[in-house]
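Novice: I have a structure here, written as structure tokens, and I will follow up with some questions on it.
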Amino acid sequence: MSDAPVHVWLPGQAVSSLAGAFTLDARVSRFHYDDGYREQGGPSLAPDMPVSKSTHKIAGRDPIFPIMLDSGPDDWGHMLLERRLEREVSRLDALTLGPADGAGNIVLGHLTPERFETMSIEAFQAVLADLPEAQDPASQRHRERVMQSVFQGTSLGGAKPKLTLERNGVQYIAKFPERGDDPFLPQLELAMLRLARDCGIDACEAEVIEPAPHRYALLVKRFDRHAQGTGFARTGYVSAWSVARLDQHQEKREDQALLATRGFTPAMYARSYVALAGHMMRWCGGGERYRANLRELWRRIVFNSLIRNTDDHPRNHGLLCDSMDPHQWGLSPAFDMVAQRSAGIVPSHAMAYLFDEPTRGRKHAQRRLVSASSRADLLLAATLHYGYERHEAESVLDEMRGLVRGKWREYLISAGMPAEETDRYAKTLGLDFD
Ligand SMILES: Nc1ncnc2c1ncn2[C@@H]1O[C@H](COP(=O)(O)OP(=O)(O)OP(=O)(O)O)[C@@H](O)[C@H]1O
Ligand SMILES: [Mg+2]
């Protein structure tokens with residue numbers, strides 16, 4: 001059993017408040033609100049964690065409350081932390097010992113100063129300039145060295161090398177291509193974010209920098225940090241992965257039989273857009289706000305289909321809440337939308353977007369969970385889950401399709417990709433639906 005204090009940045013505050021204490025147990029974990037926090041009328045951390053004297057419990061295997069999960073790292077940050085501590089790091093260690101730059105407004109563990117070190121872009125570039133020239137700047141070792149020598153790593157999720165940088169009171173995530181990646185990946189991602197915005201999607205603001213000659217990185221403006229006096233206020237964030245408690249979902253052996261007979265498993269449903277739309281009801285409240293968010297989600301699915309982004313997994317979607325009002329959550333700005341260089345014959349989203357149930361006229365039809373990303377008819381059929389009328393959805397889809405198919409090359413070039421490199425994406429960005 002292990003305990004950790006839980007800190008929260010209340011809306012508009014650059015300093016944290018102690019919200020309560022978390023106790024991790026193998027089967028049932030607990031959280032209780034701090035007396036002072038309750039007495040001062042602190043808001044609930046999540047819709048299903050109302051402020052009260054009683055202890056909140058969560059069951060599972062080493063269960064962690066969803067609202068706490070995104071404050072810690074996944075692959076990249078975890079690996080850096082294990083190297084730094086020179087030992088294996090548990091899930092709770094990762095949440096309590098890593099840098100306090102995770103997504104959202106919650107930090108677990110003691111708030112020691114080294115967890116808060118954020119570099120300025122200038123300082124980062126100066127460190128790069130001081131590194132021995134013989135190092136190949138593209139190599140993985142080089143990047144790890146840079147990041148470990150100047151910083152403690154990051155608690156931001158994602159598999160790619162990244163860190164938080166600061167410039168003129170704005171915090172950014174700097175993302176670096178890995179070995180084997182297209183060196184112009186930052187330009188590609190920037191172009192896709194801009195294209196998404198022009199397709200009516202609320203996508204992150206970003207820019208490309210050149211930290212070392214001919215080596216590029218993408219700076220994505222953080223949507224969960226805002227300058228407040230001399231510090232930063234933080235906004236609540238929870239990923240779709242955490243919302244669905246996917247840390248607890250594992251395929252079971254018997255699921256293979258289900259896959260063969262039914263074509264999908266419970267875990268596939270749990271990680272689907274359809275399930276996310278259901279969870280959003282709880283987080284976003286009902287009514288118009290919920291509907292607007294569902295419609296935005298459908299446009300993101302369509303956009304991911306158009307650019308053949310098949311890496312649209314549940315950690316690449318999330319909900320944000322400025323006010324900490326339990327039912328005022330909404331989709332965070334879209335991020336990590338990247339076109340692939342090649343597409344499979346039947347490219348498939350990482351999350352299924354259509355749950356097709358037999359209707360009366362099709363009694364013998366099977367229930368289907370659909371993730372095929374290149375089919376306009378199925379994307380339109382999916383509108384039943386996402387608050388669009390069919391005719392309206394058709395015109396939105398046509399407009400988005402026209403923009404992506406007609407302008408993708410222009411966007412790549414204006415994001416800084418050399419014209420001769422753009423051809424690599426003709427097979428995905430230039431292809432129409434089947
Ligand atoms: N603009 C942003 N502001 C705040 N947090 C963000 C922002 N963009 C991404 N994040 C958080 O950082 C994590 C990593 O970012 P991102 O998905 O872009 O990296 P990645 O390494 O490419 O991920 P993947 O492993 O999916 O390839 C996200 O899962 C999300 O939690
Ligand atoms: Mg990602």
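Novice: Keeping to the range 401-420, report how many residues are within 26 Å of the chain's Cα centre (by Cα) and assigned to a loop (DSSP other than H, G, I, E, B).
Specialist: The qualifying residues number 3.
Novice: Any chance you could count how many residues in the range 337-349 are within 16 Å of ligand 2 (Cβ to nearest atom) and among the small types (Gly, Ala, Ser)?
Specialist: Taking the range 337-349 first, the residues within 16 Å of ligand 2 (Cβ to nearest atom) are 337-340, 349.
Restricting the remaining residues to those that are among the small types (Gly, Ala, Ser) gives 339.
Matching residues across the range 337-349 total 1.
Novice: Spot the failing condition for Asn293; the list is (1) in contact with a Cys (Cβ under 7 Å, 6 or more places away or on another chain); (2) not assigned by TED's automatic domain parsing to the domain that holds Met417; (3) not aromatic (Phe, Trp, Tyr), and only one is missed.
Specialist: Single failed check for Asn293: (2).
Novice: I need the full set of residues from the range 21-36 which are in contact (Cβ under 8 Å) with a residue 24 or more places away in the chain and either outside the structural domain of Asp93 (by TED's automatic domain parsing) or over 26 Å from the mean Cα position of the chain (by Cα) (or both), in order please. It would help to see each step written out before you state the result.
Specialist: Filtering the range 21-36 down to residues in contact (Cβ under 8 Å) with a residue 24 or more places away in the chain leaves 22, 24-32.
Once the filter is applied, which keeps residues that are in contact (Cβ under 8 Å) with a residue 24 or more places away in the chain and either outside the structural domain of Asp93 (by TED's automatic domain parsing) or over 26 Å from the mean Cα position of the chain (by Cα) (or both), the range 21-36 yields Asp25, Ala26, Arg27, Val28, His32.
Novice: Does Ser71 satisfy the condition of being outside the structural domain of Trp329 (by TED's automatic domain parsing), hydroxyl-bearing (Ser, Thr, Tyr), modelled with pLDDT of 85 or more and touching a strand residue (DSSP E or B) at 6+ places or on another chain (Cβ under 7 Å)?
Specialist: Details: outside the structural domain of Trp329 (by TED's automatic domain parsing): yes; hydroxyl-bearing (Ser, Thr, Tyr): yes; modelled with pLDDT of 85 or more: yes; touching a strand residue (DSSP E or B) at 6+ places or on another chain (Cβ under 7 Å): yes.
The answer is yes for Ser71.
Novice: Which residue is modelled with the lowest pLDDT, if the candidates are limited to the range 262-320 and must be at positive phi and more than 16 Å from ligand 1 (Cβ to nearest atom)?
Specialist: Only one residue fits best here, namely Gly263.
Novice: A further question follows. Taking the residues in the range 248-264 that are among the polar types (S, T, N, Q) and over 20 Å from Pro63 (Cα atoms) as candidates, determine which candidate is surrounded by the fewest Cβ atoms within 10 Å (Cβ to Cβ). Steps first, answer last, please.
Specialist: So the first thing to find is which residues in the range 248-264 are among the polar types (S, T, N, Q), and the list is 248, 250, 256, 261.
Remaining after also requiring over 20 Å from Pro63 (Cα atoms): 256, 261.
On the way: Gln256: 11, Thr261: 8.
Selected residue: Thr261.
Novice: Hey, another quick one. Within the range 321-334, can you find the residues that are more than 13 Å from ligand 1 (Cβ to nearest atom) and not aromatic (Phe, Trp, Tyr)?
Specialist: Going residue by residue through the range 321-334, those that are more than 13 Å from ligand 1 (Cβ to nearest atom) are 321-330.
Scanning the range 321-334 gives Cys321, Asp322, Ser323, Met324, Asp325, Pro326, His327, Gln328, Gly330.
Residue-by-condition table, conditions (1) farther than 20 Å from Arg315 by Cα; (2) out of contact with any Ser or Thr (no Cβ under 7 Å at 6 or more places or on another chain); (3) surrounded by fewer than 24 Cβ atoms within 10 Å (Cβ to Cβ):
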{"residue": "Met68", "(1), (2), (3)": "no, yes, no"}
{"residue": "Gly77", "(1), (2), (3)": "no, no, no"}
{"residue": "Glu82", "(1), (2), (3)": "yes, yes, yes"}
{"residue": "Arg87", "(1), (2), (3)": "yes, yes, yes"}
{"residue": "Ala94", "(1), (2), (3)": "no, yes, yes"}
{"residue": "Leu97", "(1), (2), (3)": "yes, yes, yes"}
{"residue": "Gly104", "(1), (2), (3)": "no, no, no"}
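Novice: What do you reckon, is Met337 aliphatic (A, V, I, L, M) and within 16 Å of ligand 1 (Cβ to nearest atom)? First the steps, then the outcome.
Specialist: On the way: aliphatic (A, V, I, L, M): yes; within 16 Å of ligand 1 (Cβ to nearest atom): yes.
The answer is yes for Met337.
Novice: Does any residue in the range 323-343 that is closer than 15 Å to Met280 by Cα come within less than 7 Å, Cβ to Cβ, of a residue that is of a type in the set (Lys, Arg) six or more places away or on a different chain, and which pairs are these?
Specialist: Gly330/Arg289
Novice: Pick from the range 265-310 the residues that are among the β-branched types (Val, Ile, Thr) and in contact (Cβ under 8 Å) with a residue 60 or more places away in the chain: which of them is surrounded by the most Cβ atoms within 10 Å (Cβ to Cβ)?
Specialist: Initially, the range 265-310 is screened for residues among the β-branched types (Val, Ile, Thr), giving 265, 274, 301-302, 307, 310.
Filter once more, so that each one left must be in contact (Cβ under 8 Å) with a residue 60 or more places away in the chain: 274, 301-302, 307, 310.
Values: Val274: 19, Ile301: 22, Val302: 26, Ile307: 24, Thr310: 20.
The selected residue is Val302.
Novice: Please state which of the following conditions Ala227 fails to meet, knowing it meets all the rest: (1) crowded, with 17+ Cβ neighbours inside 10 Å; (2) over 25 Å from Ala339 (Cα atoms); (3) aliphatic (A, V, I, L, M).
Specialist: Result: Ala227 fails condition (1) only.
Novice: On the basis of being in contact with a strand residue (DSSP E or B) (Cβ under 9 Å, 6 or more places away or on another chain) and polar (S, T, N, Q), does Ser395 make the cut?
Specialist: Details: in contact with a strand residue (DSSP E or B) (Cβ under 9 Å, 6 or more places away or on another chain): no; polar (S, T, N, Q): yes.
No.
Novice: I'd like to check something: does the range 353-376 contain any residue that is out of contact with any Pro (no Cβ under 8 Å at 6 or more places or on another chain), within 15 Å of ligand 1 (Cβ to nearest atom) and touching a residue at least 12 places away in the same chain (Cβ under 8 Å)? Walk me through it before giving the result.
Specialist: Quick first cut of the range 353-376, residues out of contact with any Pro (no Cβ under 8 Å at 6 or more places or on another chain) only: 353-363, 368-371, 375-376.
From what's left, within 15 Å of ligand 1 (Cβ to nearest atom): none.
Among the residues of the range 353-376, not one is out of contact with any Pro (no Cβ under 8 Å at 6 or more places or on another chain), within 15 Å of ligand 1 (Cβ to nearest atom) and touching a residue at least 12 places away in the same chain (Cβ under 8 Å), which makes the answer no.
Novice: Out of Ala382, Ala352, Ala334, report the one residue that is within 16 Å of ligand 2 (Cβ to nearest atom), surrounded by 20 or more Cβ atoms within 10 Å (Cβ to Cβ) and on the phi < 0 side of the Ramachandran plot.
Specialist: Working: Ala382 fails: within 16 Å of ligand 2 (Cβ to nearest atom); Ala352 fails: within 16 Å of ligand 2 (Cβ to nearest atom).
After applying the criteria, what remains is Ala334.
Novice: Still on this structure, I have one more. Would you please list the contacts, defined by Cβ atoms under 8 Å and residues six or more apart or on different chains, that run from a residue in the range 68-82 that is touching a residue at least 24 places away in the same chain (Cβ under 8 Å) to a residue that is part of a helix (DSSP H, G or I) and within 12 Å of ligand 2 (Cβ to nearest atom)?
Specialist: Leu69/Trp241; Asp74/Arg315
The values are calculated or read from the model by the stated rules, or taken from the named source; none is laboratory data. Owing to the predicted nature of the structure, the values given are computational and were not obtained by experimental measurement. Please note: Cβ atoms are built from the backbone with ideal geometry, for glycine as well, and neighbour counts cover all protein chains shown.
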